[in-house]
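The values are calculated or read from the model by the stated rules, or taken from the named source; none is laboratory data. Predicted model only: the values in this text are computed from it and were never measured. Cβ: placed from backbone, ideal geometry, glycine included. Neighbour counts: every protein chain shown.
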Amino acid sequence: MFSLRNNEKQIMFCNEVKQLLALYLHGELARSERALLAMHLTQCRACQRELDAIANAESVISSSLKAYANSVAPSKQAWLRLQTAITDGSPRRSFSKAALDAFAFGLSRVASSALPLLALFVVAGAIVVSVLAYSPVSSDRVIDIRAASASKPLSIQHLAPPPDPDVNLFSSFFAQMSGEIDEASPIQPCAACIRFR
Amino acid sequence: MRPSDGETLEWIRRAQAGDDEAFASLFHKYKNLVFRTSFLMLGHQHDAEDLLQDVFLEVHRSLRQYQADKGAFTTWLYRITINDCLNSKRKKLLSIVSFDEITGSREMFTDSNLDIDESVQRAVNQLSPKLRAIVVLRYYADLSYAELTEVLDIPLGTVKSRLNQALHLLKSELSEQSECVTRTAFLPRVSDV
């Protein structure tokens with residue numbers, strides 16, 4: 001269904017009209033569109049029925065929403081709660097938010113009391129490790145690698161076997177540890193290895 | 001735009017100057033507006049009660065910023081209420097609830113004693129939060145298109161398209177419900193078979 005206006009090519013089809021019916025009812029159409037749509041409605045019973053259906057639906061929706069909303073009211077304590085919240089100067093807290101805040105507060109308290117202790121542990125641990133690692137080796141336990149190798153070969157029992165004896169690095173190292181010291185090799189046994197021999 | 005009445009303007013002026021009694025008067029005059037709008041948006045009285053507190057706390061905090069010449073007090077209140085309803089805290093409450101979730105089962109609607117007010121509210125609950133807001137403001141609060149643009153802070157074209165979309169969705173949902181009721185009204189009851 002469509003209408004022609006003053007021989008102009010202004011055609012309004014039913015699907016277009018149906019999109020504008022609510023606006024037509026609310027008086028929100030431009031004058032030219034309104035006239036065109038009104039003309040269409042005089043000729044199209046289907047669109048006229050659709051207009052009636054929309055008007056009816058709007059009436060039902062409006063009256064139902066109002067009746068449904070008017071069936072409830074805020075509690076009598078609403079003003080007291082608001083007064084308390086305003087006096088406290090804090091936003092209203094729902095139960096879930098209050099529980100979350102309590103958890104966060106507890107966490108912060110635990111963190112504030114535990115952090116110094118943790119820091120103390122870390123510092124103490126660092127001191128112990130540094131003392132153990134860098135404690136001076138007593139002079140009587142210092143072994144001259146050359147002297148030791150001359151008297152007897154160094155034991156390598158405290159060392160794990162090399163994963164691959166063919167690897168030059170390890171073979172060179174173990175050769176040194178067993179007394180076959182190659183002075184040209186860059187690998188030398190460390191003081192700790194010798195000390196714990 | 002509907003201007004605020006003289007009594008309200010006087011209360012606002014006094015409340016802005018720190019008069020607690022004037023603020024109390026504003027609360028008692030507009031608590032139903034905020035509470036019922038929130039109830040239609042959120043669907044639960046407890047949530048509406050919480051939102052009532054939030055909105056008036058916000059009003060109390062920012063009442064000095066309200067300028068009567070820029071718009072009606074109710075428009076300002078609706079704007080705060082709808083924004084609060086749409087904010088991220090309550091998105092879970094505003095998520096679209098399926099028809100069956102609300103009722104437990106669609107069979108409930110086969111009862112011929114279906115309450116039309118509740119069925120409309122259920123159909124509104126199925127809309128997306130933005131469409132729900134425009135339906136509540138238009139059909140409950142009777143706001144004009146111009147007021148809708150101001151409260152929702154969207155262009156007129158968006159107001160028109162959203163309202164049109166919401167209306168068609170509601171119409172089809174309600175007609176589906178009424179068909180469901182009509183169909184089952186003629187079915188024999190189990191006890192009758």
Could you tell me whether any residue of segment A:33-43 is touching a helix residue (DSSP H, G or I) at 6+ places or on another chain (Cβ under 8 Å), closer than 30 Å to residue B:177 by Cα and part of a helix (DSSP H, G or I)?
-> yes
Qualifying residue in segment B:31-51 (condition: at pLDDT 85 or above and over 14 Å from the mean Cα position of the chain (by Cα)) = yes
Segment A:21-48 residues that are within 16 Å of residue B:161 (Cα to Cα) and within 14 Å of another protein chain (Cβ to nearest Cβ), paired with ones that are polar (S, T, N, Q) and in a helix (DSSP H, G or I) (beta carbon under 6 Å, 6 or more apart) = A:22/B:164
If you go through segment B:126-137 one residue at a time, do you hit one that is of a type outside the set (A, V, I, L, M, F, W, C) and over 14 Å from the mean Cα position of the chain (by Cα)?
-> no
